[in-house]
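Here the structure comes first, spelled out in structure tokens, and everything after it is commentary.
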Amino acid sequence: MIRFSSNQRAIRIAAIYLIFGIAWIFLSDRILLQFLPQGPLESELSQYQTWKGWFFVAITGILLFWLSRGSMIAQDSTLSRLAAAENNYRELIMNVPVGIYHTDRLGSPVYLNAQATEITGFATPEEYAGKWLDRIHVDDRDRIAKAWQRAVERGHQFHQEYRIQDTQGLVRWIVDVAHPELDDNAQFNGYLGTLTDISDLRITQQIENELQERLHIAIESAHVGLWDLNIQTNEVWFSEEWKQQLGLKGDDIGNKLSEWQSRLHPADAEQASHALQLFIRHPETDLYSE
């Protein structure tokens, strides 16, 4: 866009100068003859031609100054906007809560923001380039090295989760996402990447998985049958323990509420169905029915 605007200004200046020059060539002599006496001497004519030349130089100089000044003002305004945008961009990448890095087309980092240096423990791009694989957890290192090499060779996006370990032995989980950047010829020119620390999320997931496992063990040990009703679809999930307690297994019972209702004893069916409907209308209460 900037190059296109510059070309437009250059063409405009050249066109105005060309029009003025052509008009001067065809009209200046006619205008000059209007002011000369009849049959001027050759020496007088030569002097008038000299004055005409100086007048042309002065007028074209003023014209070019005026046109160039307008062009320079527009260029200065554009450069000021670009500088402001660049400053805003630098402020943004310095203060976003994720690490940001740039690489060249070989995949070697050329820039790390403050968050990236804090996450990786590397102070400079050069240090990061030489040792980043060494910081990756040994169980993830080979996978990440191959994935990164493959992405760089093909100029494709890189998106991986892996662990890094600092010099103190602290392990962090990060998400590394690198988007390919293209040059003016649509050729791969490097990566703009982000590093996001997801250690807290991973710890939460690990705790949740452990709790789920403990709950599963407790339920199996207590021989508790479970069921889960989807009120919108009337579909029910029955645990294997629940099925076994009724002498069922596998696909002996479907996943519809009617499957449960059809197996109720006639003497209990009305009371049990009423208790369930009451629970559906008031889910904040507990359902208890024998």
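The values are calculated or read from the model by the stated rules, or taken from the named source; none is laboratory data. Small disclaimer: the values here were computed from a predicted structure and weren't measured. Note that each Cβ is placed from the backbone with ideal geometry, even for glycine, and that neighbours are counted across all protein chains shown.
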With the structure loaded, tell me whether Gly254 is without any contact (Cβ under 8 Å) to a residue 24 or more places away in the chain, surrounded by 11 or more Cβ atoms within 10 Å (Cβ to Cβ) and of a type outside the set (S, T, N, Q) or whether it fails that test.
yes
Give the residue that is nearest to Ser199 (Cα to Cα), with candidates limited to residues of segment 59-86 that are at pLDDT 70 or above and among the polar types (S, T, N, Q).
Ser80
Yes or no: segment 154-166 includes at least one residue that is part of a helix (DSSP H, G or I), exposed (fewer than 13 other Cβ atoms within 10 Å of the Cβ) and in contact with a strand residue (DSSP E or B) (Cβ under 8 Å, 6 or more places away or on another chain).
no
With the requirement that a residue be small (Gly, Ala, Ser) and out of contact with any Lys or Arg (no Cβ under 7 Å at 6 or more places or on another chain), what does segment 149-190 give you?
Ala151, Gly155, Gly169, Ala178, Ala186
Is there a residue being touching a residue at least 40 places away in the same chain (Cβ under 8 Å) and on the phi < 0 side of the Ramachandran plot anywhere in segment 125-147?
no
All but one of (1) within 30 Å of Ile203 (Cα to Cα); (2) not in a helix (DSSP H, G or I) hold for Leu106, so report the exception by its number.
(1)
Anything in segment 231-251 that is assigned to a loop (DSSP other than H, G, I, E, B) and surrounded by fewer than 13 Cβ atoms within 10 Å (Cβ to Cβ)? List them, or say none.
Ile231, Gln232, Thr233, Asn234, Gly247, Lys249
Segment 188-230, residues that are at pLDDT below 90, surrounded by 11 or more Cβ atoms within 10 Å (Cβ to Cβ) and in a loop (DSSP other than H, G, I, E, B)
Val224, Gly225, Leu226
Hey, among the residues in segment 105-133 that are under 14 Å from Leu195 (Cα atoms) and among the hydroxyl-bearing types (Ser, Thr, Tyr), which one's modelled with the highest pLDDT?
Tyr111
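Could you tell me whether Gly169 is at positive phi and outside any loop (DSSP other than H, G, I, E, B)?
no
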So which residues in segment 109-135 are touching a Lys or Arg at 6+ places or on another chain (Cβ under 8 Å) and assigned to a loop (DSSP other than H, G, I, E, B), if there are any at all?
Gly121, Phe122
Flagged in segment 136-176 as touching an Asp or Glu at 6+ places or on another chain (Cβ under 7 Å) and farther than 14 Å from Tyr191 by Cβ, in numbering order, are Tyr162, Arg163, Arg172, Trp173, Ile174, Val175
Selection count where residues are over 21 Å from the mean Cα position of the chain (by Cα), charged (D, E, K, R) and closer than 24 Å to Val96 by Cβ, scope segment 148-200:
4
